[in-house]
Amino acid sequence: MFKFLSWLKSMFTYKCPRCRQDDLFIKPLDIKSPLAMNEKCTQCHQSFEPEPGYYYGAMFLSYIVGSFILLPIALIMVFYFNKGVEATMGWMILLGALMYLKLLRGSRSLWIHLMIKYEGKDAKPK
Ligand SMILES: [Zn+2]
């Protein structure tokens, strides 16, 4: 359980999945290039883009996670609060826009955390 919480923390704070020391994304966030990532980890030398098109799968994760967040809210608005479809759609577009950057980066972080195994803080450079 503790390992899973540590994994979640690493994923949500965008840390290197292999050693959890260095940042995945370049800080501070530049709104013109929100997906600007560091090339590799400075601690364990894990490449953050091991092959071209590596984050293609993250696009699907983003869609799935976004749907799992927005769909229940939309259904509750329509069937429990009896809001109109247009109003609900407007709220979903607003919520989608608000969580866009978090979802974009979060899905990439989730993807690399699913693919690369944690090897401890002292992971040897590759
Ligand atoms: Zn690392």
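This table checks each residue for (1) out of contact with any Phe, Trp or Tyr (no Cβ under 9 Å at 6 or more places or on another chain); (2) surrounded by 16 or more Cβ atoms within 10 Å (Cβ to Cβ); (3) free of Cβ contacts under 8 Å to residues at least 40 places away in the same chain.
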| residue | (1), (2), (3) |
| --- | --- |
| 77 | no, yes, yes |
| 85 | yes, no, yes |
| 114 | yes, no, yes |
| 117 | yes, no, no |
| 121 | yes, no, no |
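Tell me which residues, restricted to the stretch 10-37, are free of Cβ contacts under 8 Å to residues at least 24 places away in the same chain, part of a loop (DSSP other than H, G, I, E, B) and either aromatic (Phe, Trp, Tyr) or within 10 Å of the ligand (Cβ to nearest atom) (or both).
Of everything in the stretch 10-37, just one residue is free of Cβ contacts under 8 Å to residues at least 24 places away in the same chain, part of a loop (DSSP other than H, G, I, E, B) and either aromatic (Phe, Trp, Tyr) or within 10 Å of the ligand (Cβ to nearest atom) (or both), namely 22.
Has the stretch 47-63 got at least one residue that is polar (S, T, N, Q), over 16 Å from residue 111 (Cα atoms), over 13 Å from the mean Cα position of the chain (by Cα) and surrounded by 11 or more Cβ atoms within 10 Å (Cβ to Cβ)?
For the stretch 47-63, residues polar (S, T, N, Q), over 16 Å from residue 111 (Cα atoms), over 13 Å from the mean Cα position of the chain (by Cα) and surrounded by 11 or more Cβ atoms within 10 Å (Cβ to Cβ): absent.
Go through the residues of the stretch 72-91 one by one and say whether even a single one is modelled with pLDDT of 90 or more and either under 12 Å from the mean Cα position of the chain (by Cα) or within 16 Å of the ligand (Cβ to nearest atom) (or both).
no
The values are calculated or read from the model by the stated rules, or taken from the named source; none is laboratory data. Fair warning: this is a prediction, and the values are worked out from it, not measured in the lab. Reconstructed Cβ throughout: ideal geometry from the backbone, glycine too, with neighbour counts over all protein chains shown.
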